[in-house]
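One structure below.
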Amino acid sequence: MIVIEKHFLFIVVISILFLNSCTSKQYNSEKSVFSYNESAGIISLDPAFSRDQAHIWVCNQLYNSLVKLNDSLNVVPSIAKSWKISEDGLNYTFYLRDDVFFHPDTSFNGVTRKVIASDFVFSFNRLLNPKTASPGAWVLSNVKNTDNNYAIYALNDSTLNIELKQPFPPFMGILSMKYCSVIPHEAVELYGSNFRKHPVGTGPFKLQNWIENIKLVLHRNPNYFEEYNGDQLPYLDGVAVSFLIDKMIAFMEFVKGNFDFISGIDPSYKDELLTRSGMLKSKFTNRFSIIEGPFLNTEYFAFMVDTSLSTVKENPLLNKNVRMAINYGFNRQKMIHYLRNGIGTPGTKGIIPKGMPTFDENAGYGYDYEPEKSKKLIKDAGYNSENPIPEITLVTTPDYLDLCKFVQSQLKDVGIKINIEVSPAATVREMKAHSKLNFFRASWIADYPDEENYLSMFYTKNFTPNGPNYTHLSNPIIDSLYLSSFNITDVNTRIRHYRTIDSLIMEEAPVAVLYYDKVIRFIQKDITGMTINPINMLNLEKVKKVHTD
């Protein structure tokens, strides 16, 4: 209890210092700071390393890209005010705004400077440079490359040109990702590897202070280029991020009013907030608002299937029958009802989630609860009572322990013994990225609104650490179909093609899909202007905090 009191005393002190230092030329209301908790932690404010939701959320406040996605997931202008795409789909020309400035910084002698096209050339080449070791380098892998010279050109200060190797319809969506944010070369040259702690972007907020694992405070950017109804954005004076690991403690602070919102549900407090049918309990209806909608997020168990890795040798998961047996061995409907209070859709189809056009409730592929089929597959794999399957270790983070225990219990009934290993989110993230886990819980939130985003997880050349293929599945037929999808422009043909790939991935069983998630946010009543979107992006530009006496 002493630790908690000291922690919040520190928060109060730093918040007072922050509020006293706030200045706002065009937004003259009482100072307002939006506060939330990030239990997963943050290790870098460099957009080149914004690989998960925790980092994407904070980078979204600090940086901008050429384009962005609106709440309907349509590509709309950001720093690029307009663009032109050649008829063959290979050449993209962007025309930039002339009123976008980087945050004032020491690298500019304490002032600022305007963003020009060559800044994107630098930012994109840095992302692609192997020395950067960005996990997001893969997003620009389709850019034309001759002897390590990428076809990214500044035609002048306000015009950027990018050439692709082959047509790639999702490219505009990719450019909305935080990986593709613009950063200044001066800051990277000055701070080097410490750029992660000295971010310089163009976003609605800029870094005020960051004490790692304790508190991160962002200050309103008075030079931000976006407006809404004639008012300069953002409305908030700042954002404060806390790093309480215990989600129950974070929930208690939300109930006290110390946090402005919480996202998603956690086993520690779900029954306190929600009824079994997913409704907000009556005692909270006058205090909190709830907003929810589709979420392009697939939660799953991943199997490492790369036989070349020493850590995988003698692993029973290399046998496809064992992976399929796990898929058939647990009841997803019961899991959603009892462990998630009905929030989400059982993952009985493919890796592509509900909410995408390709998703089909009646798809003839995927896995449902069939324990007898699971037992037969175990027998077909060569295991029986005299030769049982060796114990398999499942690695997860603490917030998914109840779900993993549920699956553990059900798989025990079909003859599969699972050992659960719980590790901090940062540890799991690091081990997953470097192919050190054989069996682990993971999730994939769409970075851009195209099913290709999910299928890219199983393309051979996207092996980790520089790509999203965490399972190291390598199948030449899947690879060929994946690449051929880039040339399909007809929407209906593309959907059918994607379904074929999705079905082939499920046949290989490199994952066991758990459920397709739903965006759900609980918000204090004094917060207005918050919206949701199917990629669960945290947009705070138009959020206001209404002050009450």
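A single entry from Ile174, Ile116 fulfils the requirement of being crowded, with 17+ Cβ neighbours inside 10 Å, touching a helix residue (DSSP H, G or I) at 6+ places or on another chain (Cβ under 6 Å) and within 22 Å of Lys68 (Cα to Cα): Ile174. For segment 453-471, filtered to residues that are touching a helix residue (DSSP H, G or I) at 6+ places or on another chain (Cβ under 6 Å) and of a type outside the set (S, T, N, Q), the residue that is surrounded by the most Cβ atoms within 10 Å (Cβ to Cβ) is Phe458.
Hey, among the residues in segment 221-238 that are loosely packed, with under 13 Cβ neighbours inside 10 Å and of a type outside the set (D, E, K, R), which one's nearest to Cys59 (Cα to Cα)? This residue is Tyr228. Whether any residue in segment 336-349 is buried (at least 17 other Cβ atoms within 10 Å of the Cβ) and of a type in the set (Phe, Trp, Tyr) is what I want to check. No, segment 336-349 has no match at all.
The residues of segment 371-400 that are exposed (fewer than 15 other Cβ atoms within 10 Å of the Cβ) and of a type outside the set (Ser, Thr, Tyr), listed by number, are Glu372, Lys379, Asp380, Gly382, Asn384, Glu386, Asn387, Pro388, Pro390, Glu391.
Of the numbered criteria (1) modelled with pLDDT of 90 or more; (2) touching a Gly at 6+ places or on another chain (Cβ under 9 Å); (3) hydrophobic (A, V, I, L, M, F, W, C), the one Phe486 fails is (1).
Between Thr112, Thr146, the distinction of being among the hydroxyl-bearing types (Ser, Thr, Tyr), farther than 23 Å from Ser86 by Cα and assigned by TED's automatic domain parsing to the domain that holds His55 belongs to Thr112 only. Evaluated against (1) under 25 Å from Ile420 (Cα atoms); (2) surrounded by 17 or more Cβ atoms within 10 Å (Cβ to Cβ); (3) touching a residue at least 24 places away in the same chain (Cβ under 8 Å), Asp246 falls short on exactly one condition, (2). Looking across segment 40-88 at every residue that is farther than 18 Å from Gly201 by Cβ, modelled with pLDDT of 95 or more and among the hydroxyl-bearing types (Ser, Thr, Tyr), the one that is surrounded by the fewest Cβ atoms within 10 Å (Cβ to Cβ) is identified as Ser82. What about Thr298, is it of a type in the set (Val, Ile, Thr), under 30 Å from Val239 (Cα atoms) and in contact with a helix residue (DSSP H, G or I) (Cβ under 9 Å, 6 or more places away or on another chain)? When the stated conditions are applied, Thr298 passes them.
Of all the numbered requirements in (1) closer than 20 Å to Tyr515 by Cβ; (2) over 26 Å from the mean Cα position of the chain (by Cα), Ile351 misses one, and that requirement is (2). Identification of strands (runs of 3 or more DSSP E) wholly contained in segment 364-452 with 3 or more residues that are under 23 Å from Ile352 (Cα atoms) and under 20 Å from the mean Cα position of the chain (by Cα) yields 439-445. Elements of the type helices (runs of 4 or more DSSP H) sitting completely within segment 228-344 and holding at least 2 residues that are among the aliphatic types (A, V, I, L, M) and on the phi < 0 side of the Ramachandran plot: these cover 247-256, 320-328, 332-339. Screening Pro357 with (1) within 22 Å of the chain's Cα centre (by Cα); (2) closer than 24 Å to Asn438 by Cα gives one miss only, at (2). Within segment 142-163, the only residue that satisfies the criterion of being touching a Lys or Arg at 6+ places or on another chain (Cβ under 6 Å) and in a strand (DSSP E or B) is Glu163. Among residues of segment 320-338 that are more than 19 Å from Phe439 (Cα to Cα), those with a Cβ under 9 angstrom from a residue that is basic (Lys, Arg) and surrounded by fewer than 21 Cβ atoms within 10 Å (Cβ to Cβ), sequence gap 6+ or separate chain, pair up as His337/Arg276; Tyr338/Arg276.
Can you find even one residue in segment 204-220 that is closer than 30 Å to Glu451 by Cα and either surrounded by 23 or more Cβ atoms within 10 Å (Cβ to Cβ) or touching an Asp or Glu at 6+ places or on another chain (Cβ under 7 Å) (or both)? Within segment 204-220, one or more residues are closer than 30 Å to Glu451 by Cα and either surrounded by 23 or more Cβ atoms within 10 Å (Cβ to Cβ) or touching an Asp or Glu at 6+ places or on another chain (Cβ under 7 Å) (or both).
Within the set Asp450, Asp549, Asp502, the sole residue that is outside the structural domain of Ala48 (by TED's automatic domain parsing), modelled with pLDDT under 95, buried (at least 21 other Cβ atoms within 10 Å of the Cβ) and more than 22 Å from Ile262 (Cβ to Cβ) turns out to be Asp450. Taking each residue of segment 131-150 that is more than 14 Å from Glu163 (Cα to Cα) and looking for partners that are of a type in the set (S, T, N, Q) and outside any loop (DSSP other than H, G, I, E, B) with beta-carbon atoms closer than 7 Å, six or more apart or interchain, yields Trp138/Asn462. Give me a count of the residues in segment 131-162 that are among the basic types (Lys, Arg) and exposed (fewer than 15 other Cβ atoms within 10 Å of the Cβ). Qualifying residue count, segment 131-162: 1. Among the residues of segment 377-424, those that are among the charged types (D, E, K, R) and in contact (Cβ under 8 Å) with a residue 24 or more places away in the chain comprise Asp380, Glu391, Asp399, Asp402, Asp413, Lys417, Glu421.
The values are calculated or read from the model by the stated rules, or taken from the named source; none is laboratory data. Since the structure is predicted, the reported quantities are computational estimates derived from the model, not experimental observations. Don't worry about glycine lacking a Cβ; one is built from the backbone with ideal geometry, like all the others, and counts go over all protein chains shown.
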